[in-house]
Amino acid sequence: MPMVVTAADTIKRTISGTIVTWNEQGNTSVGPTVFAADSIEMKPVKLLLEHDRTRPIGKMIAHEVTKDGIVATFKIANTMAGEDALIEATEGLRDGFSVGAQINEWVNNKGVMNITSATLDEVSLVTDPAIDSARVSEVAASENETPKEDSAPATAEADKPTEGEQVSDTTVPAPAEETVEAAKVEAAAPRPAFFTAPRLEFTKAKYLENSVRAKLGDDAARQYVMAADDTTSNNAGLIPTRQLTEVINPLSNADRPVADSISSGVLPDAGMSFEIPKITAVPTVGEEAEAAAIDETGMTNSFLTVNVKKYAGGQTFSVELLDRSSPAFFDELVRQMEYAYIKATETAILDGLIAGGTDGGNRTLDAAGLLDFVSDAGVSIYAGTLGFAQNVIASPQQWGAIQNLADNGRPIYQNLIGNMNQGGNLSSTSATGNLLGLNFRVTRNLSGTGDNTILIVNPDAYTWYESSRFRLQTNVALNGQIEVAYYGYGALATKVGAGAYRWMVA
């Protein structure tokens, strides 16, 4: 429900005022509405422009529930939209508050919705309040305050919502007859027959000066701005270059092909190492002569010690960068730190697979050599782990080389119609596929076609244990810098070393 802005402080960048008045009727998006006393459950919310969730300009920093209603103070973001909102509130151009609330309980009293329970969802700064009391009573501006003209409220009936439906305080349009009359008045106003742009010296400095003067009511300055040539070729410096929130990033992503190729587990909640029992000898059974003593072979075990590692990265930047840049900056920074963490842990897992894997012998990458390598890997892994080779990890260069293998011009490892020699299903449009029945994944953490650029893995032979990821943020008071750290803990358990089979170049 639109309410009054009582103060807009451009120095502290705050706007204050009554956001809702108890038991006073207003016209919302659902028609005549009244909020009963203490009917709104408060929570920290954003301040929007005209109920547009894509246009936040600030957030609530304080509020007080009184016997008459709710008074709130909002901190305005140091953005162009926030600056405009402060000026508009100071000059009485956009000087109303309007709440958006989630209705929990209400009753219909002769066509008026009486809300007895609701949850605050957002507050908006609006141009035209819908009730008489929703007017600016005081504007704390730095200079050049001008009185505002009163405007009459508009009312209209609207359908009532069901319980739980959100209501926002949008102003109801005036009746059609009133709109027509306004148009007639505007049409009858005197207008110049023509206008000739004066020839003026045009520079960015003069344009800026006259823009300021025009806002202060200088007619000559207003004519200068109107006369200014606004073509992009002549005045490109005045055409703002917008920066999108979209970010181009060809260097990192959240893919984890290596971690996805082995099993995973949850890291224990304490300690920088943990142990996993591992059987070292099993009971035996043999043929025994009648009445002969039975040979006994006891089962024994040891403990595999797994060391926990910390993977961390940090960034230090000025408080000005955080305060004066787009809000998307910090979100993108955290995302990039997440990508860096993933890359570091992928490298650690690869190092463990290579260190504990079996040397596959010297190979040549051709159709026969690759088939021989895959079949040898299957035998080696089953013999050493009693498990099966299931996954293949390869560098981008090996991925391309395998796709290039052909039999009399017919691709062997690409899924083509009529291909009777298909040995797999690889494609340049996907970093996953199938190679001779094994799951195929490409990783940029491997490079080239040399040693260890193809690994065949039994996922049960290796487990990656990982903690939740953490973020620390610290403000350094002495130099105004902000330090952000992103870290987590992980441990690779090589349960059976023979579970990986490594490509070696002939």
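Observations on the model:
- Extreme residue, nearest to E320 (Cα to Cα), among residues of region 63-78 that are out of contact with any helix residue (DSSP H, G or I) (no Cβ under 6 Å at 6 or more places or on another chain) and open to solvent by less than 50 Å² (accessible area, probe 1.4 Å): A77
- Qualifying residue in region 83-100 (condition: of a type in the set (A, V, I, L, M, F, W, C), touching an Asp or Glu at 6+ places or on another chain (Cβ under 9 Å), more than 25 Å from G217 (Cα to Cα) and touching a residue at least 60 places away in the same chain (Cβ under 8 Å)): yes
- Among the strands (runs of 3 or more DSSP E) confined to region 423-506, the ones with at least 1 residues that are open to solvent by 20 Å² or more (accessible area, probe 1.4 Å) are located at 424-427, 430-435, 438-442, 462-466, 470-476, 481-494, 500-505.
- Index of the failed condition, G384 passing every other in (1) loosely packed, with under 14 Cβ neighbours inside 10 Å; (2) assigned to a helix (DSSP H, G or I): (1)
- Unmet requirement for T21, which otherwise passes all of (1) within 26 Å of V107 (Cβ to Cβ); (2) free of Cβ contacts under 8 Å to residues at least 60 places away in the same chain: (2)
- Screening region 322-339 for residues that are more than 29 Å from Y465 (Cα to Cα) and touching a residue at least 40 places away in the same chain (Cβ under 8 Å) and picking the one that is most open to solvent (accessible area, probe 1.4 Å) gives R324.
- Residues that are more than 24 Å from K495 (Cβ to Cβ) and in a helix (DSSP H, G or I) were ranked within region 344-374; the one that is most open to solvent (accessible area, probe 1.4 Å) is L371.
The values are calculated or read from the model by the stated rules, or taken from the named source; none is laboratory data. Note that the coordinates shown come from a computational prediction; the quantities given were computed from them, not determined experimentally. Cβ coordinates were reconstructed from backbone atoms using ideal geometry, including for glycine residues, and neighbour counts include every protein chain displayed. Keep in mind that these areas ignore ligands, DNA and RNA; they rest on the heavy atoms of the full protein, side chains included. Shrake-Rupley method; radii C 1.70, N 1.55, O 1.52, S 1.80 Å.
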